[in-house]
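S.K.: Please see the structure below; I have some questions.
Read-outs: derived from the displayed coordinates by stated rules, not from any lab. Please read all numbers here as calculations on a predicted model, not as lab measurements. All Cβ positions, even for glycine, are placed from backbone atoms using ideal geometry, and neighbour counts span all protein chains on display.
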Amino acid sequence: MKHLGSVLASILAGLVTSYLIFLETNELILTSIAGGLVFLVLIAMFYGEKKLFPEWKGDLIFCIGVGALLGIGTAFLIIKLFFDGSGRSISYLITLFLGFIGIKAGLAFYKHPGLSIFGGGAGTGELSFGVGSKDEVRDKILDTSVVIDGRILDIADTHFIDGPLILPNFVLREIQLISDSSDPIKRARGRRGLEMLNKLQRKGSIEVKITYSDYSDTREVDAKLIKLAIDTGGKIVTNDFNLNKVAELQGVKVLNLNNLANALKPVVLPGEELNISVIKEGKDENQGIGYLEDGTMVVIENGGHLVGKEVKVVVTSIIQTNAGKMIFTKVNR
């Protein structure tokens with residue numbers, strides 16, 4: 001029922017058009033053709049890659065269409081009962097007036113905060129006809145960084161992210177440019193991103209769609225992502241800290257995988273014991289460095305001579321930095 005509002009709005013627009021033309025011509029075939037054409041044009045506008053009015057939601061047009069239809073229907077009854085044979089001018093005036101009143105009533109109905117007919121509240125853009133409110137399922141728009149990172153593949157398998165994943169064509173082009181780079185590191189990252197996309201599509205654990213919507217007024221991929229999210233009401237999935245902040249300033253919802261990873265890291269408290277393999281020496285004298293399974297760095301005091309060994313350590317303090325969490329420990333004697 002995701003697109004029910006758009007379909008019903010298109011049907012209503014076709015019916016209203018047919019009715020108005022029939023009043024003027026009394027030609028059934030002509031009115032049917034005109035109504036059908038209006039329906040097809042609106043469907044193309046709703047589902048085409050280039051939406052003419054991306055900010056117009058299906059449920060908004062549905063409410064306005066129902067209001068207009070009720071207003072015109074009421075006008076038709078009044079004209080038949082009280083003004084039959086009084087001339088077309090007064091009929092048109094009554095029809096226009098009550099049609100306008102109906103549109104205003106439909107708009108007020110759409111904006112009413114207490115409605116439960118719309119999933120997620122009034123004005124969300126989807127019709128669910130459910131009882132009470134529920135969260136709207138939004139598209140998840142993939143950023144270049146999150147595709148190259150690759151963790152989205154594992155997250156999709158867990159089904160914690162719902163709704164289709166949207167891959168903009170301009171993001172795909174950027175990944176292809178990176179994979180063709182003369183820099184071997186960039187080239188490897190780009191090819192890894194393309195491989196992740198192929199695996200994601202083959203697995204079928206979540207729907208992946210490519211959108212060809214583009215914005216020629218800017219060349220910045222981040223700016224295009226934000227505009228696409230605003231136009232579609234989707235959420236951006238990214239690892240980019242700067243994109244995260246800019247998008248939030250413009251009211252765009254963001255799913256940051258780095259924030260998710262940090263939130264899922266195990267909580268370690270001072271005084272706890274850990275078994276750590278000392279990988280290398282630290283920057284300070286006689287300091288050892290190890291890592292937890294999630295990649296968190298563990299600094300071992302007086303552990304420089306223990307490189308290559310697994311030791312039991314006690315947590316002394318924890319520091320949170322922009323790069324992540326660092327755990328300071330000392331060897332448990």
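S.K.: FRET efficiency for GLN320 and SER216, Cβ-Cβ distance as r, R0 = 45 Å, nearest 0.05?
M.R.: Approximately 0.60, to the nearest 0.05.
S.K.: Can you list, largest first and rounded to whole Å, the semi-axes you get for the stretch 208-333 by taking the square root of 5 times each eigenvalue of its Cα gyration tensor? It would help to have the intermediate numbers written out before the result.
M.R.: Working: eigenvalues 373, 38, 29 Å².
Gyration-tensor ellipsoid for the stretch 208-333: 43, 14, 12 Å.
S.K.: Based on the Cβ-Cβ distance of ALA223 and ASP157, what FRET efficiency does E = 1/(1 + (r/R0)^6) give at R0 = 35 Å, to the nearest 0.05? Can you show the working numbers first?
M.R.: On the way: r = 31 Å, r/R0 = 0.90.
Result of the calculation: an efficiency of 0.65.
S.K.: Viscosity 1.002 mPa s, temperature 20 °C: give me the Stokes-Einstein translational D for the stretch 277-333 in µm²/s, with Rh taken as the Kirkwood radius over C-alpha pairs.
M.R.: Estimated diffusion coefficient is 193 µm²/s.
S.K.: Within the stretch 206-306, which trypsin sites (Lys or Arg not before Pro) sit in a loop by DSSP and count at most 12 neighbouring Cβ atoms inside 10 Å? Numbers along the way, then the final one.
M.R.: On the way: sites: LYS209, ARG219, LYS224, LYS227, LYS235, LYS245, LYS253, LYS280, LYS283; in loops: ARG219, LYS253, LYS283.
Here the sparse-neighbourhood loop sites are ARG219, LYS283.
S.K.: Find how much the distance from ASN242 to TYR291 grows on full extension, using 0.36 nm per residue of separation minus their present alpha carbon separation; answer in nm with one decimal.
M.R.: 14.9 nm
S.K.: In Å, what Rg and Dmax follow from the Cα atoms of the stretch 142-258?
M.R.: Rg then Dmax for the stretch 142-258, in Å: 13.6, 38.
S.K.: Over all directions, average the projected area of the Cα convex hull of the stretch 192-262 and note it in nm². Mind dumping the intermediate values first?
M.R.: Values: hull surface 23.5 nm².
Mean shadow area of the hull around the Cα atoms is 5.9 nm².
S.K.: Have a look at the stretch 223-289 and give its Rg and Dmax from the Cα atoms, expressed in angstrom.
M.R.: Looking at the stretch 223-289, its Cα Rg and Dmax stand at 19.3, 56 Å.
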